[in-house]
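Have a look at the structure below, then the notes.
The values are calculated or read from the model by the stated rules, or taken from the named source; none is laboratory data. All values reported here derive from a predicted model rather than from experimental measurement. Reconstructed Cβ throughout: ideal geometry from the backbone, glycine too, with neighbour counts over all protein chains shown.
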Amino acid sequence: MSRPWALDYDTATCNIAAALAVVGEKWTFLVLREAFNGVRRFDDMRRRTGAPRQVLSARLARLVAEGILRKAPYREEGQRSRSEYRLTDKGIDLFPVLASLLAWGDKYASGPGGPSVALTHRDCGAAVAVQLLCGNGHVLKSARDVTPVPGPGARRIA
């Protein structure tokens, strides 16, 4: 077997590591799950995720600071003004990540009753599946159909 090219390159500019620094934590993914399900208010998110109040506050603040969620003010009659949390375009771009995690969980971590959520196409109701496509439109069946190569930001190890 030949030596993997990746061993000759520095991982300091790894975008997987950079993305994980922002979203790579359980509570963050659960907050994003709720945001994609239309849950916007702190107390509802806290109840649905089970996150401790301080943890949830910190995660929401980080997601707002990173531009993944934005605060939108609301006020119920007789109550003080509060904020709800809405996905930004940057946040919506995380949907394929969550959909892929859901598909993996459906396949390998589902309970005996099966998946608890099904993703369907809003227009026709058909099941939604995540697919990888190459630039020429070919559907890739697995990671075995992909060859990683150094990108423009790759740096060789000195």
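Check whether at least one residue in segment 126-137 is in contact with a helix residue (DSSP H, G or I) (Cβ under 9 Å, 6 or more places away or on another chain), at pLDDT 95 or above, surrounded by 10 or more Cβ atoms within 10 Å (Cβ to Cβ) and over 30 Å from ALA6 (Cβ atoms), and report yes or no.
yes
Can you tell me which residue within segment 146-158, out of those that are in a loop (DSSP other than H, G, I, E, B) and in contact (Cβ under 8 Å) with a residue 12 or more places away in the chain, is farthest from the chain's Cα centre (by Cα)?
The extreme case among them is ILE157.
Inspect segment 137-145 for any residue being aliphatic (A, V, I, L, M) and either touching a Lys or Arg at 6+ places or on another chain (Cβ under 7 Å) or in a loop (DSSP other than H, G, I, E, B) (or both) and give the result as yes or no.
no
For segment 76-110, how many residues meet the condition of being part of a strand (DSSP E or B) and of a type in the set (Asp, Glu)?
Looking only at that region, the number is 1.
Here is a yes/no grid of residues against (1) aromatic (Phe, Trp, Tyr); (2) modelled with pLDDT under 95; (3) more than 17 Å from ARG40 (Cβ to Cβ):
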{"residue": "LEU56", "(1), (2), (3)": "no, no, no"}
{"residue": "PRO73", "(1), (2), (3)": "no, yes, no"}
{"residue": "LEU98", "(1), (2), (3)": "no, no, no"}
{"residue": "GLY111", "(1), (2), (3)": "no, yes, yes"}
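Between a first residue in segment 19-39 that is in contact (Cβ under 8 Å) with a residue 12 or more places away in the chain and within 20 Å of GLU84 (Cβ to Cβ) and a second residue that is among the polar types (S, T, N, Q) and crowded, with 19+ Cβ neighbours inside 10 Å, which pairs have beta carbons less than 6 Å apart while being 6 or more apart in sequence or on different chains?
LEU30/THR49
For the list (1) loosely packed, with under 10 Cβ neighbours inside 10 Å; (2) under 23 Å from the mean Cα position of the chain (by Cα), I need the number of the one condition that ALA99 fails.
It fails just one condition, (1).
Here are the criteria: (1) hydrophobic (A, V, I, L, M, F, W, C); (2) under 13 Å from the mean Cα position of the chain (by Cα); (3) over 30 Å from VAL149 (Cα atoms). Tell me which single one ALA51 does not satisfy.
(2)
Are there any pairs with C-beta distances below 9 angstrom linking a residue in segment 113-132 that is closer than 10 Å to ALA103 by Cβ and touching a residue at least 24 places away in the same chain (Cβ under 8 Å) to a residue that is of a type in the set (Val, Ile, Thr) and surrounded by 10 or more Cβ atoms within 10 Å (Cβ to Cβ), with the two at least 6 apart or on different chains, and if so which?
VAL128/THR120
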